[in-house]
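S.K.: This is the structure I want to talk about, given as structure tokens.
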Number of protein chains: 2
Amino acid sequence: MKVNSALDLAAAVRGRRHDLGLSQADLAERAGVSRVWIATVEAGKRSVNFGLVLRLLGALDLKMDISSSRNLSDVFKGAKDAPTPRNLSDVSKGTPVNLDSILEGYRE
Amino acid sequence: MKVNSALDLAAAVRGRRHDLGLSQADLAERAGVSRVWIATVEAGKRSVNFGLVLRLLGALDLKMDISSSRNLSDVFKGAKDAPTPRNLSDVSKGTPVNLDSILEGYRE
DNA sequence: TATGATTGTCAACGTACGCAGACAAGACAA
DNA sequence: TTGTCTTGTCTGCGTACGTTGACAATCATA
């Protein structure tokens, strides 16, 4: 999930926390932060501590990636003039992809 | 690039800034922050403002993603017992991949 | 040499972050 | 109903963040 704003972070955190069946208090203890701070993050406050966000993501088994903001179209180098596919059904079988670009997102 | 710590953020920022040929002062003006703060981020300080980090990444044409911290091995569902490939040369041609999992990282 | 650009670092200052503790509202089950 | 759990929000408080302005060290170039 792309994070353009603090609201995106909020959605990712709350969604993942619900998936794990955790309360704000549970997550706060896991991550070593206060429950109020969790509520603050989930409310979309922008000026929160970046280091604490990393700890929070770790407690949620989420990872943060930073990469060049290129388009998905870079991955499908074979279909030059085709519109950027957004759904799997838009991609025909056998379409060549740039595997290097894909692997980059998975490196430790 | 996976961001596990503030030092990873520092490396991503400095590397990208150098690629763009920008000075700290240039980048500070672009992102609307102080030059001292840029230097602080590039020094790997953890407790920096998350919202300002997002603005900084925007000024560097970088994007932040948050996703489940799954292994690369999930992508290669066809090679069950094979070790998780780390280099493109480790992946044999024709290996089936989980395209849904790949596309997820590119959604807006 | 001199000059300019870049970067690390410091001091001072206003602001607000994150904390503990508390309270109320809502949901749900016994 | 009562009790428990969850969440949003408020207080006060100590701390440190981010800013401006400045200085020195380094490097490259004229």
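Readers should treat all values here as calculations from the given coordinates under stated rules, not as data from a laboratory. Fair warning: this is a prediction, and the values are worked out from it, not measured in the lab. Note that we place each Cβ from the backbone using ideal geometry, even for glycine, and neighbour counts take in every protein chain shown.
S.K.: Along Cα→Cβ at 7 Å, what distances in nm separate the residue A:26 label point from those on the other copies, shortest first?
M.R.: Inter-copy label distances (nm, one decimal, shortest first): 4.9.
S.K.: Which whole number gives the average count of other chain Cβ atoms within 10 Å of the Cβ atoms across peptide A:46-56?
M.R.: Average per residue, whole number: 5.
S.K.: Another question about this same structure. Rg and Dmax of the stretch A:6-59, Cα atoms, in Å?
M.R.: So, for the stretch A:6-59, Rg and Dmax equal 9.7, 27 Å respectively.
S.K.: What relative contact order, as a whole-number percentage, does the stretch A:20-60 give when Cα pairs under 8 Å and 6 or more residues apart are counted?
M.R.: Relative contact order for the stretch A:20-60 comes out at 45 percent.
S.K.: Given label points at 7 Å from Cα along Cα→Cβ, what nm distances, shortest first, separate residue A:96 from the same residue in every other copy?
M.R.: 2.4
S.K.: For B:9, B:22, A:27, which order do you get if you count the other beta carbons within 10 Å of each Cβ and list the fewest first?
M.R.: By the 10 Å Cβ count, ascending: B:22, A:27, B:9.
S.K.: Order these by the 10 Å Cβ neighbour count, fewest first: B:61, A:65, A:8.
M.R.: Neighbour counts put them in this order, fewest first: B:61, A:8, A:65.
S.K.: Treating the point 7 Å from Cα along Cα-beta-carbon as the label, what are the nm separations from residue B:45 to the other copies, to one decimal?
M.R.: Nearest first, the other copies' label points are 1.9 nm away.
S.K.: Where Lys and Arg each count +1 and Asp and Glu each count -1, what net charge lies around residue A:48 among other residues with Cβ under 12 Å from its Cβ?
M.R.: That sum, taken over residues with Cβ under 12 Å, equals +2.
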